[in-house]
Amino acid sequence: MKNVAIICGGDSGEFEISVKSAEVVKKNLNPEFFDSQVIVVSKKGWYALLDDGSRVDVDKNDFSIMVDGRKMKFDVAFNAVHGEPGENGPLSGYLELLGIPCTSSGQTTCALTFHKDFCKRVVASYGVNVSPSVLINEGEKYDADEIIKQLGLPLFVKPTCNGSSVGVTKVKTAEDFASAIETAMNAGGQVMCEKFVSGREFGCGAMDYKGKMMVFPITEIISKNEFFDYEAKYTAGKCDEVTPAQVDEAIEIEIKATTAMLYEKLECKGFVRMDYIVSDEGVFFIEANIVPGMSEASIIPAQARCFGLSLEQLFGMAIENVL
């Protein structure tokens with residue numbers, strides 16, 4: 001029996017989504033093999049949510065809790081924190097210092113992939129298409145007309161470090177540009193203006209299991225909103241996710257091959273989802289999701305089921321892989 005800490009919460013707008021992901025993970029971990037506890041982390045405090053609904057503070061010196069008068073330490077951490085600090089590196093670094101294996105990528109990979117602009121530049125260095133973009137730091141003066149001239153309209157304005165499309169705006173007119181910058185700054189502090197690429201959106205999951213690369217069936221993401229925004233991601237009926245995607249074989253091969261290559265080059269660990277836009281000009285990388293959604297309706301679980309894996313198997317494999 002292995003003690004598993006299912007870590008969730010965080011310090012972003014994805015807090016509630018993260019807690020729901022943790023509940024799904026706990027529900028689907030085999031209790032014959034794993035004694036799991038949901039651990040909520042945030043700047044307000046770290047605590048375990050016990051099965052009886054009570055809370056127990058976490059001793060951050062050794063990442064332990066007291067249960068029934070005994071100290072419980074953890075053999076492995078299951079990272080279900082969407083956003084900070086689980087997806088951007090600090091949590092991975094903390095666990096690495098304590099020698100506790102974690103189901104998600106290491107600190108460097110998390111920090112790189114969470115920063116959309118940095119990640120795109122590294123991905124581009126491997127010959128993958130990315131959409132042109134302009135970076136604006138907090139407090140930095142910018143020339144809106146020049147940026148619009150360079151990238152065209154419509155364009156996307158998004159925080160460089162955030163998830164679930166929080167703070168993202170699709171800008172259609174020059175008059176909306178300044179307010180979009182403000183919205184993104186409030187959500188992240190640094191902004192990326194990105195050229196709009198028209199096309200179909202796809203997500204492809206991958207996972208290294210005991211040294212063998214598993215690339216899952218591709219999902220087409222068909223948002224009923226302007227783009228795959230927060231509402232489309234988490235509101236029933238606002239998005240269709242088709243798995244496996246109906247796509248040309250050549251495109252499917254390119255997406256899967258690119259996903260496998262980037263998984264290795266970026267030194268990913270656990271199950272990861274890479275997102276793409278397929279346009280008339282080719283396949284464009286959007287972003288890497290190091291801690292993707294884990295609800296029954298999320299993309300990775302749907303891809304795993306199509307691949308022949310239950311959630312119990314998927315989550316169990318992620319833990320076995322690092323023990």
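What single numbered condition from (1) free of Cβ contacts under 8 Å to residues at least 40 places away in the same chain; (2) open to solvent by less than 20 Å² (accessible area, probe 1.4 Å) fails to hold for Val283?
(1)
Quick one: would you say Asp145 is of a type in the set (D, E, K, R) and out of contact with any strand residue (DSSP E or B) (no Cβ under 9 Å at 6 or more places or on another chain)?
In short, yes.
I'd like the residue in the stretch 286-312 that is of a type in the set (D, E, K, R) and closer than 24 Å to Asn30 by Cα and, out of all such residues, is most open to solvent (accessible area, probe 1.4 Å). Give the steps one after another, and end with the answer.
To start, the set of residues in the stretch 286-312 that are of a type in the set (D, E, K, R) comprises 287, 296, 305, 312.
Narrowing the set further to residues that are closer than 24 Å to Asn30 by Cα leaves 296, 305, 312.
Numbers: Glu296: 74, Arg305: 116, Glu312: 90 Å².
Of everything passing the filter in the stretch 286-312, Arg305 is most open to solvent (accessible area, probe 1.4 Å).
Give Gly293, Gly316 a once-over and let me know the one that is in a loop (DSSP other than H, G, I, E, B) and out of contact with any Asp or Glu (no Cβ under 6 Å at 6 or more places or on another chain).
Only one candidate passes the filter, namely Gly293.
Condition (residue is of a type in the set (A, V, I, L, M) and not in a strand (DSSP E or B)) applied to the stretch 270-286: is it met by at least one residue? Write out each step before concluding.
Within the stretch 270-286, the first condition is being of a type in the set (A, V, I, L, M), and the residues that meet it are 272, 274, 277-278, 283, 286.
Narrowing the set further to residues that are not in a strand (DSSP E or B) leaves none.
No, every residue in the stretch 270-286 fails to be of a type in the set (A, V, I, L, M) and not in a strand (DSSP E or B).
Does Val4 meet the test of being closer than 14 Å to Phe78 by Cα, open to solvent by less than 60 Å² (accessible area, probe 1.4 Å) and in contact with an Asp or Glu (Cβ under 8 Å, 6 or more places away or on another chain)?
It is true that Val4 is closer than 14 Å to Phe78 by Cα, open to solvent by less than 60 Å² (accessible area, probe 1.4 Å) and in contact with an Asp or Glu (Cβ under 8 Å, 6 or more places away or on another chain).
Which numbered condition trips up Asn30, out of (1) open to solvent by 20 Å² or more (accessible area, probe 1.4 Å); (2) touching a residue at least 40 places away in the same chain (Cβ under 8 Å); (3) under 19 Å from the mean Cα position of the chain (by Cα)?
Every condition holds for Asn30 apart from (3).
For the stretch 83-108, what are the residues that are more than 21 Å from Lys73 (Cβ to Cβ) and open to solvent by less than 10 Å² (accessible area, probe 1.4 Å)?
Gly83, Gly89, Ser105
Is it the case, given these coordinates, that Met274 is crowded, with 20+ Cβ neighbours inside 10 Å and either under 20 Å from the mean Cα position of the chain (by Cα) or touching a residue at least 24 places away in the same chain (Cβ under 8 Å) (or both)?
yes
Condition (residue is open to solvent by less than 10 Å² (accessible area, probe 1.4 Å), touching a strand residue (DSSP E or B) at 6+ places or on another chain (Cβ under 9 Å) and on the phi > 0 side of the Ramachandran plot) applied to the stretch 38-46: is it met by at least one residue?
So far as the stretch 38-46 goes, no, none of its residues is open to solvent by less than 10 Å² (accessible area, probe 1.4 Å), touching a strand residue (DSSP E or B) at 6+ places or on another chain (Cβ under 9 Å) and on the phi > 0 side of the Ramachandran plot.
Only residues that are among the basic types (Lys, Arg), part of a helix (DSSP H, G or I) and open to solvent by 30 Å² or more (accessible area, probe 1.4 Å): list them for the stretch 119-164, please. Break it down into steps so the answer makes sense when it comes.
Restricting attention to the stretch 119-164, the residues satisfying the condition of being among the basic types (Lys, Arg) are 120-121, 141, 149, 158.
After this cut, where a residue has to be part of a helix (DSSP H, G or I) as well, the list is 120-121, 149.
Those that are among the basic types (Lys, Arg), part of a helix (DSSP H, G or I) and open to solvent by 30 Å² or more (accessible area, probe 1.4 Å): Arg121, Lys149.
Has the stretch 179-190 got at least one residue that is part of a loop (DSSP other than H, G, I, E, B) and either at pLDDT below 90 or crowded, with 19+ Cβ neighbours inside 10 Å (or both)?
yes
Among (1) farther than 19 Å from Leu112 by Cβ; (2) touching a residue at least 24 places away in the same chain (Cβ under 8 Å); (3) of a type outside the set (Asp, Glu), which single condition is Thr169 missing?
(2)
Just to be sure before I move on: is Phe202 surrounded by 14 or more Cβ atoms within 10 Å (Cβ to Cβ), aromatic (Phe, Trp, Tyr), at pLDDT 90 or above and over 24 Å from Tyr126 (Cβ atoms) in the structure I sent?
No: the conditions fail for Phe202.
Among the residues of the stretch 247-265, is there at least one that is surrounded by fewer than 20 Cβ atoms within 10 Å (Cβ to Cβ), on the phi > 0 side of the Ramachandran plot and at pLDDT 95 or above?
No; the residues of the stretch 247-265 include none that is surrounded by fewer than 20 Cβ atoms within 10 Å (Cβ to Cβ), on the phi > 0 side of the Ramachandran plot and at pLDDT 95 or above.
Select, from Ser92, Ser104, Ser21, the only residue that is among the polar types (S, T, N, Q), closer than 23 Å to Tyr263 by Cα and free of Cβ contacts under 8 Å to residues at least 24 places away in the same chain.
Numbers: Ser104 fails: free of Cβ contacts under 8 Å to residues at least 24 places away in the same chain; Ser21 fails: free of Cβ contacts under 8 Å to residues at least 24 places away in the same chain.
Of Ser92, Ser104, Ser21, the one residue that is among the polar types (S, T, N, Q), closer than 23 Å to Tyr263 by Cα and free of Cβ contacts under 8 Å to residues at least 24 places away in the same chain is Ser92.
With the requirement that a residue be polar (S, T, N, Q) and under 17 Å from Lys224 (Cα atoms), what does the stretch 156-202 give you?
Ser164, Ser165, Thr169, Ser198
The values are calculated or read from the model by the stated rules, or taken from the named source; none is laboratory data. Here the structure is a predicted model, which means the values were calculated and not measured. All Cβ positions, glycine included, derive from the backbone under ideal geometry; neighbour counts span all protein chains shown. These area figures cover heavy atoms from the full protein model, side chains too; ligands, DNA and RNA do not enter into them. Shrake-Rupley method; radii C 1.70, N 1.55, O 1.52, S 1.80 Å.
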